[in-house]
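First the structure, in the form of structure tokens, and then the observations on it.
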2 protein chains.
Amino acid sequence: MHVCTYICVVKLEQAIQSNKFKDEVHKSALNILYTAWWLKTQSAIILKQFGITHEQFNVLRILKGKHPDDMCVRDIAGRMIEKNSNVPRIIDRLELKKLVERKQSQIDKRETVIHLTPLGVNLLEKCSEAIDTHRATEFAINNEEAMQLNALLEKIRSKEV
Amino acid sequence: MHVCTYICVVKLEQAIQSNKFKDEVHKSALNILYTAWWLKTQSAIILKQFGITHEQFNVLRILKGKHPDDMCVRDIAGRMIEKNSNVPRIIDRLELKKLVERKQSQIDKRETVIHLTPLGVNLLEKCSEAIDTHRATEFAINNEEAMQLNALLEKIRSKEV
DNA sequence: GTTAATTATATGTATGTACATCTATCTACT
DNA sequence: AGTAGATAGATGTACATACATATAATTAAC
């Protein structure tokens, strides 16, 4: 049954069919990786209807921050979640779909500057709405819990200092 | 300076150079994705010394669970963190490195069964030790906090029921 | 018992990441 | 001014994911 399938994957042990964790910290690491995969899969389902990927959406969202101004590739890359994203190639695909325009900067000719087309603005708006609605209805935590979660995620990374 | 660089990326706002989050739940989603990227990057640095990737390590770890018995591709796939992993191709690379052996099942000839070689067992042991040490020393949360984190991550996914 | 449906795996293609290298341009230094 | 070094972006390769399709073997239906 449908319900059964879903109950099974909420617990990490069921999702990866293992309960052999060294400790809770080990389990946390796997849980973060699994939840990230779950998040990406959820948004991919939404975005597929609009013909773009999670990463392409991320670039459009970043460009929106400066719209109608241009952004250079380096600035986009610095705002990406995955720091080794190959931004020029993501731009290639957005350009093919006429969602962005790319041109050489006249100030610094090494730079390529990119901006959203009206089509891109339009698509982004629809995608954002769908994603926001999905998050509001399908993510089963409240604002308070999200704050705790954010604090813990930032704590796990804090040893780098 | 080194310290400065690292302080900057602990906070999500600095890591992705944005503080325009709709709410804490939105920020949580980005924080989970960023932390997952951070975790993968950290383990990639460790595993590169041993010549394998994060995903290849994951498959070796899964095979260890049944060692010295075989596992079929489907069983491995069911235990992967990323559920759409293309397991046959990960096995291809492990086989090339002589870390696993693959043969047709005699019980069900559709199945390919895989087991670790002594070389694979040996490499996995070294990798696991390095990864475990890294986690113990570099992940700045204790067991109690990890339990809270696990509970919150499972809660965020619980609406699927 | 033969055929249809299902299952397990492999493989092809598009996309993305990680990282090395190449080219064009800019900046700094003499 | 002319050159060395740095920087921005593009591009090539290896690996991985997402998903469609192909192939072989098993199971189910008749």
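The values are calculated or read from the model by the stated rules, or taken from the named source; none is laboratory data. The structure presented is a predicted model; accordingly, all values stated were derived computationally and were not measured. All Cβ positions, even for glycine, are placed from backbone atoms using ideal geometry, and neighbour counts span all protein chains on display. What goes into the accessible areas is simple: the full protein's heavy atoms, side chains included, and nothing from ligands, DNA or RNA. Shrake-Rupley method; radii C 1.70, N 1.55, O 1.52, S 1.80 Å.
Candidate cross-link partners of A:K22 among the lysines, defined by an alpha-carbon separation under 23 Å and a same-chain spacing of 8 or more, comprise A:K11, A:K155, A:K159, B:K40, B:K48, B:K64, B:K66, B:K83, B:K126, B:K155.
Legend: calculated FRET efficiency, B:K66 to B:Q17, from the Cβ-Cβ distance at R0 = 35 Å, rounded to 0.05, equals 0.20. Only helices reaching 24 angstrom along their own axis (Cα) with mean Kyte-Doolittle hydropathy no lower than -0.5 count here, and for the DSSP H runs of chain A these are A:24-48, A:118-138.
Chains A and B together bury some 7000 Å² of accessible area, summed over both sides, with a 1.4 Å probe. The mean accessible area for residues of the protein assembly as shown, using a 1.4 Å probe and ignoring ligands and nucleic acids, is 54 Å² per residue.
The value obtained for segment A:27-78, namely the Cα convex hull volume divided by the number of residues, is 90 Å³ per residue.
For segment B:52-98, trypsin sites (Lys or Arg not before Pro) are listed when DSSP marks them as loop and at most 12 other Cβ atoms sit within 10 Å of their Cβ; the list is B:K98. In nanometres and ascending order, the distances from the A:I107 label point to those of the other copies are 6.7 (point 7 Å from Cα along Cα→Cβ). Using every pair of separate Cα atoms, the Kirkwood estimate puts the hydrodynamic radius of segment A:55-139 at 13.3 angstrom.
The mean number of partner chain beta-carbon atoms within 10 angstrom of a residue's beta-carbon across peptide B:137-148 is 6. Assuming charge only on the beta carbon of Lys and Arg (+1) and of Asp and Glu (-1), the dipole of the protein assembly as shown about its Cα centre is about 840 debye to the nearest 20. Could you look at chain B and say what percent of its accessible area is carbon and sulfur, using a 1.4 Å probe and all protein chains? Reported share for carbon and sulfur atoms: 54 percent. Per-residue ellipticity at 222 nm computed for the protein assembly as shown from its helices equals -19500 deg cm²/dmol, with DSSP H segments shorter than 4 residues left out and the rest contributing -39,500 (n - 2.57).
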